[in-house]
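None of the figures in this text is laboratory data; all of them are computed from the coordinates on show. The structure presented is a predicted model; accordingly, all values stated were derived computationally and were not measured. All Cβ positions, even for glycine, are placed from backbone atoms using ideal geometry, and neighbour counts span all protein chains on display.
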Amino acid sequence: MSIDRIVMAFAGTVILVSLALTQWHGPQWVWLTAFVGANMFQAAFTGFCPLAIILKKLGARPGVAFS
């Protein structure tokens, strides 16, 4: 699996978990969803993604977006 797919799967998982936590524990968890969305937005323009950097150092195969 490439870095791109891992990053997208991780972001999607965090968004879904934070939305569930919003329902179960309180509305403040929506800020985690907002943070992940903002990070994805800035990564689309800058190419900077902290998770992609970590995965690259761990030896994951680079994809097109985070090379």
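The table for this structure:
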read-out: Net +/- balance of residues flanking ASP4 in space, Cβ distance below 13 Å, scoring K and R +1, D and E -1; value: +3
read-out: Rg(Cα) / (2.2 N^0.38 Å) computed for the chain, rounded to two decimals; value: 1.21
